[in-house]
1. Please state which one of B:E74, B:E6, B:E64, B:E56 is out of contact with any His (no Cβ under 8 Å at 6 or more places or on another chain), at pLDDT 90 or above and over 14 Å from B:I90 (Cβ atoms).
2. Answer yes or no: is there a residue in the range B:86-96 that is facing chain A (nearest Cβ under 9 Å), over 19 Å from B:F155 (Cβ atoms) and of a type outside the set (S, T, Y).
3. Please list, ordered by residue number, the strands (runs of 3 or more DSSP E) wholly in the range A:121-240 having 2 or more residues that are surrounded by 13 or more Cβ atoms within 10 Å (Cβ to Cβ) and away from every other protein chain (no Cβ under 14 Å).
4. Being modelled with pLDDT of 85 or more, loosely packed, with under 14 Cβ neighbours inside 10 Å and more than 10 Å from every other protein chain (Cβ to nearest Cβ) is true for just one of B:A31, B:A101, B:A14, B:A19. Which residue is that?
5. Does the range A:175-204 hold any residues that are of a type in the set (D, E, K, R) and more than 17 Å from the chain's Cα centre (by Cα), and which are they?
6. Anything in the range A:22-72 that is buried (at least 20 other Cβ atoms within 10 Å of the Cβ) and touching a residue at least 60 places away in the same chain (Cβ under 8 Å)? List them, or say none.
7. Search the range A:150-165 for residues that are outside the structural domain of A:K234 (by TED's automatic domain parsing) and of a type outside the set (S, T, Y) and pair each with any residue that is modelled with pLDDT of 80 or more and surrounded by fewer than 20 Cβ atoms within 10 Å (Cβ to Cβ) when their beta-carbon atoms are under 8 Å apart and the residues are at least 6 apart or on different chains.
8. State yes or no: is B:L142 modelled with pLDDT of 95 or more, outside the structural domain of B:L47 (by TED's automatic domain parsing), touching a Lys or Arg at 6+ places or on another chain (Cβ under 7 Å) and more than 17 Å from A:D22 (Cβ to Cβ)?
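The values are calculated or read from the model by the stated rules, or taken from the named source; none is laboratory data. Given the structure is predicted, the values throughout are model-derived calculations rather than measurements. Here the Cβ positions follow ideal geometry from the backbone for every residue, glycine too, while neighbour counts run over all protein chains shown.
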Amino acid sequence: MSDPRDEARDLNAAEHVLGVEDADARAASQARLRNDPAFAADVEAWEARLGPLAEDAPAEAPGAHVWTRIEQATGDNVIAALPRPAAKPVASGKGVNFWRGWAMAASAVAAAALVGVFMLTTPKMAPAPHHMVAKVMGMDGKPDVVVSYTTGTKNLMLTPVGDMPPKGMTPRMWLMRKDGSVMLVGDVDMAHPERKQLNPAMADEVAHAKGVMISLEEAGRQPGRKPSGPMVAKGMFSLV
Amino acid sequence: MHPETERRGTRDAARAALAGQLVLTGKGDRAAFRAVYQATSAKLFGLILRICNDRETAEDVLQEVYVTVWNKAEAFDPARASPITWLAAIARNRAIDRIRARKPAAQPLEAAAEVADAAPLADGALEQSDEKRRLEGCLDGLEPRHAAVIRIAFFEGRTYESLAEREGVPVGTMKSWIRRSLIRLRTCLEG
(Lines give C-alpha, C1' and ligand atoms only; values in the text may rest on other atoms or scores of the structure.)
Protein backbone atom coordinates (compact mmCIF):
# COMPACT_ATOMS: atom_id res chain seq x y z
CA MET A 1 0.00 0.00 0.00
CA SER A 2 2.43 2.63 -1.10
CA ASP A 3 -0.04 4.96 -2.77
CA PRO A 4 -0.77 8.02 -0.71
CA ARG A 5 -4.00 7.56 1.11
CA ASP A 6 -6.66 10.22 1.22
CA GLU A 7 -7.16 10.27 4.99
CA ALA A 8 -10.46 12.12 5.01
CA ARG A 9 -11.90 9.80 2.42
CA ASP A 10 -10.65 6.72 4.25
CA LEU A 11 -12.11 7.92 7.54
CA ASN A 12 -15.41 8.57 5.81
CA ALA A 13 -15.28 4.99 4.52
CA ALA A 14 -14.49 3.63 7.99
CA GLU A 15 -17.39 5.51 9.57
CA HIS A 16 -19.70 4.33 6.84
CA VAL A 17 -18.74 0.69 7.35
CA LEU A 18 -18.95 0.92 11.12
CA GLY A 19 -22.41 2.42 10.64
CA VAL A 20 -22.19 5.49 12.87
CA GLU A 21 -23.46 7.99 10.31
CA ASP A 22 -26.88 9.55 10.71
CA ALA A 23 -29.41 9.17 7.90
CA ASP A 24 -28.19 12.18 5.90
CA ALA A 25 -24.51 11.38 6.16
CA ARG A 26 -25.25 7.78 5.30
CA ALA A 27 -27.19 8.76 2.20
CA ALA A 28 -24.31 10.99 1.14
CA SER A 29 -21.86 8.11 1.55
CA GLN A 30 -24.10 5.79 -0.42
CA ALA A 31 -24.19 8.30 -3.27
CA ARG A 32 -20.43 8.64 -3.08
CA LEU A 33 -20.06 4.86 -3.23
CA ARG A 34 -21.73 4.85 -6.60
CA ASN A 35 -19.70 7.70 -8.03
CA ASP A 36 -16.27 7.47 -6.46
CA PRO A 37 -14.40 4.21 -7.13
CA ALA A 38 -11.56 5.15 -4.77
CA PHE A 39 -14.07 5.60 -1.96
CA ALA A 40 -15.70 2.29 -2.89
CA ALA A 41 -12.29 0.62 -2.62
CA ASP A 42 -11.74 2.17 0.81
CA VAL A 43 -15.16 0.89 1.92
CA GLU A 44 -14.33 -2.59 0.69
CA ALA A 45 -11.07 -2.53 2.63
CA TRP A 46 -12.88 -1.49 5.81
CA GLU A 47 -15.48 -4.20 5.32
CA ALA A 48 -12.63 -6.67 5.27
CA ARG A 49 -11.08 -5.12 8.40
CA LEU A 50 -14.21 -4.89 10.56
CA GLY A 51 -16.30 -7.67 8.99
CA PRO A 52 -14.74 -10.49 11.06
CA LEU A 53 -16.47 -9.00 14.13
CA ALA A 54 -19.67 -10.46 12.69
CA GLU A 55 -18.39 -13.86 13.81
CA ASP A 56 -19.42 -12.84 17.33
CA ALA A 57 -23.07 -12.44 16.35
CA PRO A 58 -25.15 -15.10 18.09
CA ALA A 59 -26.86 -17.49 15.69
CA GLU A 60 -30.62 -17.12 15.78
CA ALA A 61 -32.94 -19.12 13.55
CA PRO A 62 -35.38 -17.05 11.50
CA GLY A 63 -38.92 -18.31 10.92
CA ALA A 64 -39.29 -20.96 8.22
CA HIS A 65 -41.61 -18.69 6.21
CA VAL A 66 -38.67 -16.39 5.44
CA TRP A 67 -37.09 -18.94 3.11
CA THR A 68 -40.43 -19.54 1.43
CA ARG A 69 -40.71 -15.84 0.69
CA ILE A 70 -37.15 -15.66 -0.55
CA GLU A 71 -37.75 -18.58 -2.87
CA GLN A 72 -40.84 -16.88 -4.22
CA ALA A 73 -39.09 -13.57 -4.64
CA THR A 74 -36.19 -15.11 -6.52
CA GLY A 75 -37.95 -17.87 -8.42
CA ASP A 76 -38.56 -17.88 -12.14
CA ASN A 77 -42.16 -18.89 -11.67
CA VAL A 78 -43.24 -15.34 -10.99
CA ILE A 79 -41.93 -13.88 -14.22
CA ALA A 80 -44.69 -12.35 -16.22
CA ALA A 81 -45.83 -13.95 -19.37
CA LEU A 82 -46.18 -11.25 -21.99
CA PRO A 83 -49.18 -9.21 -20.98
CA ARG A 84 -51.62 -7.13 -22.93
CA PRO A 85 -50.26 -4.64 -25.44
CA ALA A 86 -50.62 -1.47 -23.44
CA ALA A 87 -52.14 -0.39 -20.20
CA LYS A 88 -55.24 1.71 -20.57
CA PRO A 89 -55.64 4.97 -18.69
CA VAL A 90 -57.01 4.75 -15.22
CA ALA A 91 -60.71 5.14 -14.95
CA SER A 92 -60.67 6.94 -11.65
CA GLY A 93 -60.25 10.70 -11.47
CA LYS A 94 -58.54 10.78 -8.11
CA GLY A 95 -55.45 12.76 -7.37
CA VAL A 96 -51.96 11.42 -7.53
CA ASN A 97 -51.04 9.00 -4.82
CA PHE A 98 -47.39 9.02 -4.03
CA TRP A 99 -45.69 6.92 -1.44
CA ARG A 100 -46.60 9.22 1.38
CA GLY A 101 -50.18 9.13 0.19
CA TRP A 102 -50.07 5.37 0.28
CA ALA A 103 -48.83 5.25 3.77
CA MET A 104 -51.11 7.87 5.24
CA ALA A 105 -54.77 7.77 6.03
CA ALA A 106 -56.99 8.11 3.02
CA SER A 107 -58.28 11.57 2.21
CA ALA A 108 -61.96 12.30 2.37
CA VAL A 109 -62.26 11.89 -1.37
CA ALA A 110 -60.44 8.61 -1.34
CA ALA A 111 -62.51 7.47 1.60
CA ALA A 112 -65.64 8.23 -0.35
CA ALA A 113 -64.27 6.30 -3.28
CA LEU A 114 -63.48 3.44 -0.97
CA VAL A 115 -67.08 3.27 0.17
CA GLY A 116 -67.98 2.97 -3.49
CA VAL A 117 -65.51 0.19 -3.97
CA PHE A 118 -66.87 -1.68 -1.01
CA MET A 119 -70.39 -1.36 -2.27
CA LEU A 120 -69.47 -2.66 -5.67
CA THR A 121 -67.28 -5.48 -4.61
CA THR A 122 -69.08 -6.66 -1.56
CA PRO A 123 -67.97 -9.22 0.88
CA LYS A 124 -65.84 -11.73 -0.70
CA MET A 125 -64.81 -13.96 2.13
CA ALA A 126 -62.08 -12.29 4.11
CA PRO A 127 -59.06 -14.13 2.80
CA ALA A 128 -56.50 -15.63 5.12
CA PRO A 129 -53.38 -13.47 5.30
CA HIS A 130 -51.09 -14.29 2.46
CA HIS A 131 -47.97 -13.08 0.89
CA MET A 132 -47.77 -11.76 -2.67
CA VAL A 133 -44.60 -11.37 -4.61
CA ALA A 134 -43.83 -9.83 -7.99
CA LYS A 135 -40.41 -9.99 -9.51
CA VAL A 136 -40.28 -6.99 -11.79
CA MET A 137 -38.12 -7.85 -14.77
CA GLY A 138 -36.58 -5.51 -17.27
CA MET A 139 -36.70 -6.14 -21.00
CA ASP A 140 -33.19 -7.57 -20.76
CA GLY A 141 -34.61 -10.34 -18.58
CA LYS A 142 -32.83 -9.10 -15.49
CA PRO A 143 -34.78 -8.26 -12.37
CA ASP A 144 -35.07 -4.60 -11.41
CA VAL A 145 -37.21 -4.63 -8.32
CA VAL A 146 -38.82 -7.25 -6.16
CA VAL A 147 -42.18 -6.22 -4.73
CA SER A 148 -43.65 -8.20 -1.91
CA TYR A 149 -46.79 -7.60 0.04
CA THR A 150 -48.29 -9.27 3.10
CA THR A 151 -52.04 -8.87 3.34
CA GLY A 152 -52.18 -9.46 7.10
CA THR A 153 -49.79 -6.69 8.07
CA LYS A 154 -50.46 -4.56 4.94
CA ASN A 155 -46.73 -4.21 4.54
CA LEU A 156 -45.54 -3.50 1.02
CA MET A 157 -41.85 -4.00 0.49
CA LEU A 158 -39.77 -2.87 -2.46
CA THR A 159 -36.32 -4.33 -2.88
CA PRO A 160 -34.40 -2.75 -5.74
CA VAL A 161 -31.87 -5.10 -7.29
CA GLY A 162 -31.36 -3.62 -10.75
CA ASP A 163 -29.09 -0.94 -12.12
CA MET A 164 -29.44 2.72 -11.36
CA PRO A 165 -31.58 4.65 -13.85
CA PRO A 166 -29.88 6.78 -16.51
CA LYS A 167 -29.11 10.34 -15.42
CA GLY A 168 -32.12 12.62 -15.50
CA MET A 169 -34.57 9.72 -15.52
CA THR A 170 -36.75 8.34 -12.75
CA PRO A 171 -38.27 4.87 -12.61
CA ARG A 172 -41.95 5.18 -11.73
CA MET A 173 -44.00 2.25 -10.54
CA TRP A 174 -47.61 1.50 -11.48
CA LEU A 175 -50.02 -1.06 -10.17
CA MET A 176 -51.59 -3.15 -12.95
CA ARG A 177 -55.23 -3.71 -12.14
CA LYS A 178 -57.20 -6.69 -13.32
CA ASP A 179 -59.35 -4.51 -15.61
CA GLY A 180 -56.26 -3.43 -17.54
CA SER A 181 -56.05 0.06 -16.04
CA VAL A 182 -53.06 1.26 -14.11
CA MET A 183 -52.65 3.17 -10.90
CA LEU A 184 -49.69 5.21 -9.82
CA VAL A 185 -47.62 3.82 -6.97
CA GLY A 186 -44.78 6.30 -6.96
CA ASP A 187 -41.16 6.79 -7.90
CA VAL A 188 -38.77 3.99 -7.11
CA ASP A 189 -35.54 4.68 -5.33
CA MET A 190 -33.17 2.19 -6.93
CA ALA A 191 -30.61 2.82 -4.20
CA HIS A 192 -32.62 1.75 -1.17
CA PRO A 193 -35.20 -0.82 -0.25
CA GLU A 194 -38.43 0.64 1.07
CA ARG A 195 -41.19 -0.70 3.21
CA LYS A 196 -44.56 0.94 3.59
CA GLN A 197 -47.61 0.11 5.58
CA LEU A 198 -50.58 0.72 3.31
CA ASN A 199 -53.82 2.33 4.27
CA PRO A 200 -56.90 0.15 3.79
CA ALA A 201 -57.87 1.58 0.39
CA MET A 202 -54.42 1.02 -1.04
CA ALA A 203 -54.12 -2.36 0.62
CA ASP A 204 -57.28 -3.39 -1.17
CA GLU A 205 -55.91 -2.17 -4.49
CA VAL A 206 -52.73 -4.13 -4.09
CA ALA A 207 -54.47 -7.26 -2.87
CA HIS A 208 -56.52 -7.32 -6.08
CA ALA A 209 -53.85 -6.18 -8.52
CA LYS A 210 -52.38 -8.36 -11.24
CA GLY A 211 -48.88 -7.04 -10.97
CA VAL A 212 -46.74 -3.97 -11.27
CA MET A 213 -44.91 -2.22 -14.06
CA ILE A 214 -42.22 0.43 -14.18
CA SER A 215 -41.98 3.29 -16.64
CA LEU A 216 -38.94 5.45 -17.13
CA GLU A 217 -39.87 9.12 -16.76
CA GLU A 218 -37.99 12.37 -17.02
CA ALA A 219 -36.89 13.30 -13.53
CA GLY A 220 -39.08 15.94 -11.96
CA ARG A 221 -41.91 15.41 -14.40
CA GLN A 222 -45.27 15.45 -12.68
CA PRO A 223 -46.99 12.12 -13.02
CA GLY A 224 -50.21 11.86 -14.92
CA ARG A 225 -52.73 9.09 -14.79
CA LYS A 226 -50.65 6.89 -16.98
CA PRO A 227 -46.98 6.60 -17.84
CA SER A 228 -45.52 9.21 -20.19
CA GLY A 229 -42.25 7.40 -20.69
CA PRO A 230 -41.56 3.89 -21.96
CA MET A 231 -42.40 0.86 -19.91
CA VAL A 232 -39.13 -0.74 -18.93
CA ALA A 233 -40.07 -3.55 -16.58
CA LYS A 234 -43.00 -5.50 -15.31
CA GLY A 235 -43.89 -8.43 -13.13
CA MET A 236 -47.03 -10.27 -12.08
CA PHE A 237 -47.95 -11.05 -8.51
CA SER A 238 -47.91 -14.61 -7.38
CA LEU A 239 -49.25 -15.88 -4.10
CA VAL A 240 -47.09 -17.51 -1.51
CA MET B 1 -2.63 -34.07 12.91
CA HIS B 2 -2.48 -31.45 15.63
CA PRO B 3 -6.01 -30.65 16.81
CA GLU B 4 -5.61 -26.96 16.11
CA THR B 5 -4.29 -27.61 12.61
CA GLU B 6 -7.14 -30.00 12.03
CA ARG B 7 -9.67 -27.48 13.24
CA ARG B 8 -8.24 -24.85 11.00
CA GLY B 9 -8.33 -27.25 8.07
CA THR B 10 -12.02 -27.92 8.68
CA ARG B 11 -12.77 -24.24 8.98
CA ASP B 12 -10.91 -23.38 5.80
CA ALA B 13 -12.71 -26.14 3.95
CA ALA B 14 -16.08 -24.88 5.16
CA ARG B 15 -15.20 -21.38 4.08
CA ALA B 16 -14.03 -22.55 0.65
CA ALA B 17 -17.24 -24.55 0.24
CA LEU B 18 -19.32 -21.51 1.11
CA ALA B 19 -17.34 -19.35 -1.30
CA GLY B 20 -17.92 -21.95 -4.02
CA GLN B 21 -21.64 -22.03 -3.29
CA LEU B 22 -21.83 -18.25 -3.52
CA VAL B 23 -20.08 -18.31 -6.89
CA LEU B 24 -22.54 -20.95 -8.10
CA THR B 25 -25.40 -18.84 -6.75
CA GLY B 26 -24.11 -16.04 -8.94
CA LYS B 27 -24.53 -18.37 -11.91
CA GLY B 28 -28.15 -19.02 -10.98
CA ASP B 29 -27.73 -22.35 -9.15
CA ARG B 30 -30.69 -22.61 -6.81
CA ALA B 31 -29.40 -25.60 -4.84
CA ALA B 32 -26.25 -23.65 -4.08
CA PHE B 33 -28.35 -20.65 -3.05
CA ARG B 34 -30.30 -22.83 -0.68
CA ALA B 35 -27.08 -24.19 0.78
CA VAL B 36 -25.82 -20.63 1.32
CA TYR B 37 -29.04 -19.78 3.11
CA GLN B 38 -28.86 -22.88 5.30
CA ALA B 39 -25.26 -22.23 6.21
CA THR B 40 -25.53 -18.53 6.92
CA SER B 41 -29.10 -17.40 7.64
CA ALA B 42 -28.95 -17.98 11.42
CA LYS B 43 -25.76 -15.95 11.74
CA LEU B 44 -27.03 -13.12 9.55
CA PHE B 45 -30.37 -13.15 11.32
CA GLY B 46 -28.60 -12.82 14.66
CA LEU B 47 -26.67 -9.88 13.28
CA ILE B 48 -29.75 -8.19 11.83
CA LEU B 49 -31.90 -8.85 14.88
CA ARG B 50 -29.37 -7.09 17.11
CA ILE B 51 -29.53 -4.00 14.92
CA CYS B 52 -33.28 -3.92 14.31
CA ASN B 53 -34.28 -5.15 17.74
CA ASP B 54 -37.57 -6.44 16.39
CA ARG B 55 -38.13 -9.92 15.04
CA GLU B 56 -40.65 -9.13 12.35
CA THR B 57 -38.57 -6.27 10.98
CA ALA B 58 -35.46 -8.42 11.14
CA GLU B 59 -37.16 -11.17 9.12
CA ASP B 60 -38.15 -8.62 6.48
CA VAL B 61 -34.60 -7.40 6.32
CA LEU B 62 -33.28 -10.96 6.13
CA GLN B 63 -35.55 -11.56 3.17
CA GLU B 64 -34.21 -8.44 1.46
CA VAL B 65 -30.68 -9.55 2.17
CA TYR B 66 -31.03 -12.94 0.49
CA VAL B 67 -32.97 -11.52 -2.45
CA THR B 68 -30.02 -9.15 -2.84
CA VAL B 69 -27.57 -12.03 -2.46
CA TRP B 70 -29.35 -13.98 -5.20
CA ASN B 71 -29.22 -11.05 -7.55
CA LYS B 72 -25.76 -9.77 -6.69
CA ALA B 73 -23.85 -12.99 -6.06
CA GLU B 74 -22.33 -12.64 -9.52
CA ALA B 75 -20.32 -9.76 -8.09
CA PHE B 76 -18.88 -11.86 -5.28
CA ASP B 77 -15.18 -12.46 -5.85
CA PRO B 78 -13.66 -15.09 -3.54
CA ALA B 79 -10.23 -13.67 -4.22
CA ARG B 80 -11.22 -10.33 -2.76
CA ALA B 81 -13.57 -11.05 0.12
CA SER B 82 -14.36 -13.86 2.51
CA PRO B 83 -17.92 -15.08 1.97
CA ILE B 84 -19.03 -14.30 5.51
CA THR B 85 -17.58 -10.80 5.38
CA TRP B 86 -19.31 -10.19 2.08
CA LEU B 87 -22.65 -11.46 3.37
CA ALA B 88 -22.35 -9.68 6.71
CA ALA B 89 -21.69 -6.38 4.94
CA ILE B 90 -24.91 -6.74 2.95
CA ALA B 91 -26.85 -7.71 6.07
CA ARG B 92 -25.54 -4.84 8.19
CA ASN B 93 -26.11 -2.34 5.39
CA ARG B 94 -29.71 -3.37 4.91
CA ALA B 95 -30.39 -3.46 8.64
CA ILE B 96 -28.85 -0.04 9.25
CA ASP B 97 -30.74 1.41 6.28
CA ARG B 98 -33.90 0.11 7.86
CA ILE B 99 -33.33 1.61 11.29
CA ARG B 100 -32.15 4.93 9.85
CA ALA B 101 -35.39 5.12 7.90
CA ARG B 102 -37.50 4.95 11.02
CA LYS B 103 -38.05 7.57 13.65
CA PRO B 104 -35.00 7.85 15.89
CA ALA B 105 -37.15 8.08 19.03
CA ALA B 106 -38.26 4.48 19.40
CA GLN B 107 -35.05 2.59 19.97
CA PRO B 108 -34.85 0.94 23.34
CA LEU B 109 -31.72 -1.05 22.80
CA GLU B 110 -30.51 -1.65 26.31
CA ALA B 111 -30.85 -5.42 26.13
CA ALA B 112 -28.56 -5.54 23.14
CA ALA B 113 -25.68 -3.98 25.00
CA GLU B 114 -24.97 -7.09 27.05
CA VAL B 115 -23.62 -9.24 24.28
CA ALA B 116 -21.83 -6.42 22.54
CA ASP B 117 -19.96 -5.60 25.73
CA ALA B 118 -19.05 -9.16 26.49
CA ALA B 119 -15.60 -10.37 25.61
CA PRO B 120 -15.60 -13.28 23.20
CA LEU B 121 -16.06 -16.61 24.92
CA ALA B 122 -13.00 -18.73 25.36
CA ASP B 123 -14.58 -21.66 23.51
CA GLY B 124 -15.71 -19.47 20.70
CA ALA B 125 -12.20 -18.24 20.22
CA LEU B 126 -11.25 -21.62 18.84
CA GLU B 127 -13.70 -21.17 16.01
CA GLN B 128 -12.45 -17.76 15.08
CA SER B 129 -10.91 -17.04 11.73
CA ASP B 130 -7.36 -15.74 11.57
CA GLU B 131 -8.71 -12.35 10.54
CA LYS B 132 -10.93 -12.27 13.59
CA ARG B 133 -8.05 -13.12 15.89
CA ARG B 134 -5.94 -10.35 14.45
CA LEU B 135 -8.80 -7.89 14.81
CA GLU B 136 -9.34 -8.94 18.42
CA GLY B 137 -5.65 -8.47 19.10
CA CYS B 138 -5.86 -4.95 17.72
CA LEU B 139 -9.06 -4.16 19.63
CA ASP B 140 -7.27 -5.27 22.79
CA GLY B 141 -4.70 -2.58 22.13
CA LEU B 142 -7.33 0.17 22.33
CA GLU B 143 -8.57 1.92 25.43
CA PRO B 144 -11.12 -0.64 26.79
CA ARG B 145 -13.97 1.83 26.76
CA HIS B 146 -13.20 2.81 23.17
CA ALA B 147 -13.01 -0.81 22.08
CA ALA B 148 -16.40 -1.44 23.72
CA VAL B 149 -17.90 1.50 21.83
CA ILE B 150 -16.56 0.16 18.52
CA ARG B 151 -18.24 -3.18 19.21
CA ILE B 152 -21.52 -1.56 20.21
CA ALA B 153 -21.48 0.60 17.08
CA PHE B 154 -20.85 -2.47 14.93
CA PHE B 155 -23.52 -4.67 16.50
CA GLU B 156 -26.23 -2.09 17.10
CA GLY B 157 -25.78 0.23 14.15
CA ARG B 158 -25.98 3.29 16.40
CA THR B 159 -25.17 6.81 15.25
CA TYR B 160 -22.50 8.99 16.85
CA GLU B 161 -25.28 10.90 18.61
CA SER B 162 -26.85 7.76 20.03
CA LEU B 163 -23.50 6.40 21.19
CA ALA B 164 -22.62 9.71 22.82
CA GLU B 165 -25.90 9.72 24.67
CA ARG B 166 -25.44 6.14 25.77
CA GLU B 167 -21.97 6.83 27.13
CA GLY B 168 -22.89 10.21 28.56
CA VAL B 169 -20.24 12.13 26.64
CA PRO B 170 -20.48 14.99 24.13
CA VAL B 171 -20.88 14.00 20.48
CA GLY B 172 -17.53 15.60 19.68
CA THR B 173 -15.83 13.39 22.24
CA MET B 174 -17.49 10.29 20.83
CA LYS B 175 -16.39 11.22 17.33
CA SER B 176 -12.83 11.63 18.42
CA TRP B 177 -12.86 8.32 20.36
CA ILE B 178 -14.14 6.42 17.37
CA ARG B 179 -12.05 8.15 14.73
CA ARG B 180 -8.89 7.70 16.73
CA SER B 181 -9.76 4.07 17.39
CA LEU B 182 -10.42 3.40 13.73
CA ILE B 183 -7.10 4.88 12.69
CA ARG B 184 -5.30 2.87 15.35
CA LEU B 185 -7.07 -0.29 14.24
CA ARG B 186 -6.06 0.30 10.67
CA THR B 187 -2.44 0.88 11.63
CA CYS B 188 -2.44 -2.21 13.82
CA LEU B 189 -4.06 -4.43 11.17
CA GLU B 190 -1.67 -3.25 8.50
CA GLY B 191 1.35 -3.59 10.76
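1. Numbers: B:E74 fails: over 14 Å from B:I90 (Cβ atoms); B:E6 fails: at pLDDT 90 or above; B:E64 fails: over 14 Å from B:I90 (Cβ atoms).
Being out of contact with any His (no Cβ under 8 Å at 6 or more places or on another chain), at pLDDT 90 or above and over 14 Å from B:I90 (Cβ atoms) holds for just one of B:E74, B:E6, B:E64, B:E56, which is B:E56.
2. no
3. Working: elements: A:131-138, A:143-150, A:155-160, A:169-176, A:182-187, A:194-197, A:211-218, A:231-239.
Per the criteria, A:169-176, A:182-187, A:211-218, A:231-239.
4. Numbers: B:A101 fails: more than 10 Å from every other protein chain (Cβ to nearest Cβ); B:A14 fails: modelled with pLDDT of 85 or more; B:A19 fails: loosely packed, with under 14 Cβ neighbours inside 10 Å.
Exactly one residue qualifies, and that residue is B:A31.
5. Keep residues of the range A:175-204 that are of a type in the set (D, E, K, R), which gives A:177-179, A:187, A:189, A:194-196, A:204.
Answer for the range A:175-204, where residues must be of a type in the set (D, E, K, R) and more than 17 Å from the chain's Cα centre (by Cα): A:R177, A:K178, A:D179, A:D204.
6. If the condition is that a residue be buried (at least 20 other Cβ atoms within 10 Å of the Cβ) and touching a residue at least 60 places away in the same chain (Cβ under 8 Å), then A:R69, A:Q72 are the ones that fit.
7. none
8. Values: modelled with pLDDT of 95 or more: yes; outside the structural domain of B:L47 (by TED's automatic domain parsing): yes; touching a Lys or Arg at 6+ places or on another chain (Cβ under 7 Å): yes; more than 17 Å from A:D22 (Cβ to Cβ): yes.
Yes: the conditions hold for B:L142.
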